[in-house]
Amino acid sequence: MLFEKPKHHHHRVSEFQAVVLAGYGSSNRLYPISEEDNLPKALLPVGNKPVISYTLEWLEKAGIHDVIVIIQAIGNAPQKLSAYLRTYTGNIHTQVVSVDEDDETADALRTIKDKIDRDFIVVPCDLITELNPRDFLDAHRVYDPTFSALFYEPGSTESASKDDDLLPYVGIDPTRNALVYKAIRSEDDDFSMRMSLLNKFPRVRVHTDLQDAHLYIFKRWVIDMLVEKENITSISKDLIPLLVKCQYQKKLVEREEINKYTSTYDNLLANALSLSTTQSAEVDDELVDPIHSNFKSPIKTYVHVYRGGFCGRGNTTASYSELNRYATKQGASITRVPSSAEVAPRTQVGNDSVIGEYTKIDERSSVKKSCVGAHCVIGKNVKIANSVIMDHVVIGDNVKIDGCIICNNANIQEKSYMKDCDVAGGYIVEKESQLKGEKLVAFRESI
């Protein structure tokens, strides 16, 4: 463990712990913007705030104050993240744990098994959502499942972006909001279901417009099971499919000895119902499932479908740009131009953009639908649109930038034209360059 933020004197015990996965699985999809020379994924700016700050604020709103942040030990990423969390002002107690860079998500949970002592939430560091966390948590309390998962309807821009895969098939039993099926979608549109699934869940609605937010709430015993089953390496690829299948495959439940783990945690509701004189806990299952009424699975799932509000992840360059557009859209309550910034009189900063502290912009320039970081120096007659410019970037006169992500300390020399480019940290774009759709990285000589 790298560091632990000190507890407040009035440290309340939350009902849940939270595990934030800081930068898993998608670093290569964010190439070159989350390279060692720039920033770890959790600290990439969205609306000039590290993306993980939105996750921490969401958890705080949920009443969760005990957070473990897991990061892969690549370069000095854990140190950078720890340094930021020390300055984070919210009422949250954070611990940073660094794990081997080859560890998958479930492997990472195994490494912190001794730190988890109650039911826990797993959330990626790049999820930004308008979903009220209390709606999700309350539903979880009502259904009391083994795990709850959040699925959302992606915005039109996110689902249309070219580097995303097809959305999966998501099978939900509408009578109990159970997640009963999830499969990767292929071009040929065929999929198969087991009869045992349809026996147990005769009504399944299959959705093709939902994205997995990778936000889950788990029972504490799931960690015990992970510790013993080292073949489970990924949460979304191994653990969730196993638990989903255990709802209707009796042999799988027996083979994996699921009852051994669940029996250590008495289901209080089931216990209360069994003692009740007015209601039998078994009745509902027999009515729904007369064929297999003797098989009562110890696993229950709940899926929360969120539509209508914003929900998105920054795990590709396209979706990362989309998060920035959302954070700076018109009407957002943010400081567009801080008092420390110097913006020349005849320069326009749109009301859908934001400028960082101490940034200087010379005259006749314009910034539209863009985020510009702190300490940047921008010349005369520069046009910036639909772009993310990070900190300490220098942009020469008469440069036009559209749809680009430009990382810390880059230098774009005069009269360059750039469209849909990603520029790595510290890269120098020579003057009068004409670039379109490029990923620009300075290759270091290996020592």
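Every residue in the stretch 6-38 that is part of a loop (DSSP other than H, G, I, E, B), surrounded by 24 or more Cβ atoms within 10 Å (Cβ to Cβ), modelled with pLDDT of 80 or more and in contact with a strand residue (DSSP E or B) (Cβ under 8 Å, 6 or more places away or on another chain), please.
Across the stretch 6-38, the qualifying residue is only I33.
Out of (1) more than 26 Å from G23 (Cα to Cα); (2) among the small types (G, A, S); (3) open to solvent by 10 Å² or more (accessible area, probe 1.4 Å); (4) modelled with pLDDT of 95 or more, the odd one out for S297 is which?
S297 satisfies all of (1) more than 26 Å from G23 (Cα to Cα); (2) among the small types (G, A, S); (3) open to solvent by 10 Å² or more (accessible area, probe 1.4 Å); (4) modelled with pLDDT of 95 or more except (4).
Anything in the stretch 427-445 that is more than 20 Å from N28 (Cα to Cα) and either open to solvent by 40 Å² or more (accessible area, probe 1.4 Å) or not in a loop (DSSP other than H, G, I, E, B) (or both)? List them, or say none.
I428, V429, E430, K431, E432, Q434, L435, K436, E445 - these are the residues of the stretch 427-445 that are more than 20 Å from N28 (Cα to Cα) and either open to solvent by 40 Å² or more (accessible area, probe 1.4 Å) or not in a loop (DSSP other than H, G, I, E, B) (or both).
Kindly indicate whether any position in the stretch 204-212 is part of a loop (DSSP other than H, G, I, E, B) and over 26 Å from the mean Cα position of the chain (by Cα).
Scanning the stretch 204-212, I find at least one residue that is part of a loop (DSSP other than H, G, I, E, B) and over 26 Å from the mean Cα position of the chain (by Cα), so the answer is yes.
Can you tell me which of (1) in contact with a strand residue (DSSP E or B) (Cβ under 7 Å, 6 or more places away or on another chain); (2) surrounded by fewer than 21 Cβ atoms within 10 Å (Cβ to Cβ); (3) not in a loop (DSSP other than H, G, I, E, B) is the one A83 doesn't meet?
(1)
Does the stretch 381-426 hold any residues that are open to solvent by 20 Å² or more (accessible area, probe 1.4 Å), free of Cβ contacts under 8 Å to residues at least 24 places away in the same chain, polar (S, T, N, Q) and at negative phi, and which are they?
Answer for the stretch 381-426, where residues must be open to solvent by 20 Å² or more (accessible area, probe 1.4 Å), free of Cβ contacts under 8 Å to residues at least 24 places away in the same chain, polar (S, T, N, Q) and at negative phi: N411, Q413.
Name every residue in the stretch 311-333 that is in a loop (DSSP other than H, G, I, E, B) and surrounded by 19 or more Cβ atoms within 10 Å (Cβ to Cβ), in order of residue number.
G314, N315, T328
Consider only pairs whose beta carbons are under 6 Å apart and that are at least six residues apart or on different chains; among these, list those whose first residue lies in the stretch 70-81 and is touching a residue at least 60 places away in the same chain (Cβ under 8 Å) and whose second residue is surrounded by fewer than 23 Cβ atoms within 10 Å (Cβ to Cβ) and not in a loop (DSSP other than H, G, I, E, B).
Taking only residues 6 or more apart or on different chains, the pairs are P78/S98.
Where the second residue is surrounded by 15 or more Cβ atoms within 10 Å (Cβ to Cβ) and modelled with pLDDT under 90 and the first is closer than 18 Å to P174 by Cβ and of a type outside the set (S, T, N, Q) and lies in the stretch 295-309, which pairs have Cβ atoms under 7 Å and are six or more apart or on separate chains?
Every condition considered, no pair remains.
Which is within 28 Å of T55 (Cα to Cα), in contact with a Ser or Thr (Cβ under 9 Å, 6 or more places away or on another chain) and assigned to a loop (DSSP other than H, G, I, E, B), of R364, R336?
So the residue among R364, R336 that is within 28 Å of T55 (Cα to Cα), in contact with a Ser or Thr (Cβ under 9 Å, 6 or more places away or on another chain) and assigned to a loop (DSSP other than H, G, I, E, B) is R336.
Check R134 against each of (1) among the charged types (D, E, K, R); (2) assigned to a helix (DSSP H, G or I); (3) under 22 Å from I299 (Cα atoms) and name the one condition it does not meet.
Among (1) among the charged types (D, E, K, R); (2) assigned to a helix (DSSP H, G or I); (3) under 22 Å from I299 (Cα atoms), R134 violates only (3).
Considering only the stretch 362-371, state which residues are under 33 Å from the mean Cα position of the chain (by Cα), without any contact (Cβ under 8 Å) to a residue 60 or more places away in the chain, on the phi < 0 side of the Ramachandran plot and buried (at least 18 other Cβ atoms within 10 Å of the Cβ).
V367, S370, listed by residue number.
Restricting to the stretch 220-247, name every residue that is outside any helix (DSSP H, G or I), open to solvent by less than 20 Å² (accessible area, probe 1.4 Å) and in contact (Cβ under 8 Å) with a residue 60 or more places away in the chain.
Answer for the stretch 220-247, where residues must be outside any helix (DSSP H, G or I), open to solvent by less than 20 Å² (accessible area, probe 1.4 Å) and in contact (Cβ under 8 Å) with a residue 60 or more places away in the chain: I232, S234, Q247.
Tell me whether the stretch 88-103 contains one or more residues that are open to solvent by less than 10 Å² (accessible area, probe 1.4 Å) and within 16 Å of the chain's Cα centre (by Cα).
Among the residues of the stretch 88-103, not one is open to solvent by less than 10 Å² (accessible area, probe 1.4 Å) and within 16 Å of the chain's Cα centre (by Cα), which makes the answer no.
Against the conditions (1) surrounded by 15 or more Cβ atoms within 10 Å (Cβ to Cβ); (2) closer than 20 Å to V303 by Cβ; (3) not aromatic (F, W, Y), where does R203 fall short? Just the number, please.
(1)
From the list L179, L197, L215, L167, which residue is under 21 Å from the mean Cα position of the chain (by Cα) and either farther than 18 Å from L239 by Cβ or part of a loop (DSSP other than H, G, I, E, B) (or both)?
L167
The values are calculated or read from the model by the stated rules, or taken from the named source; none is laboratory data. The structure presented is a predicted model; accordingly, all values stated were derived computationally and were not measured. Here the Cβ is made from the backbone with ideal geometry for all residues, glycine too, and neighbour counts use every protein chain on show. Only protein heavy atoms, including side chains, enter the accessible area calculation; ligands, DNA and RNA are left aside. Shrake-Rupley method; radii C 1.70, N 1.55, O 1.52, S 1.80 Å.
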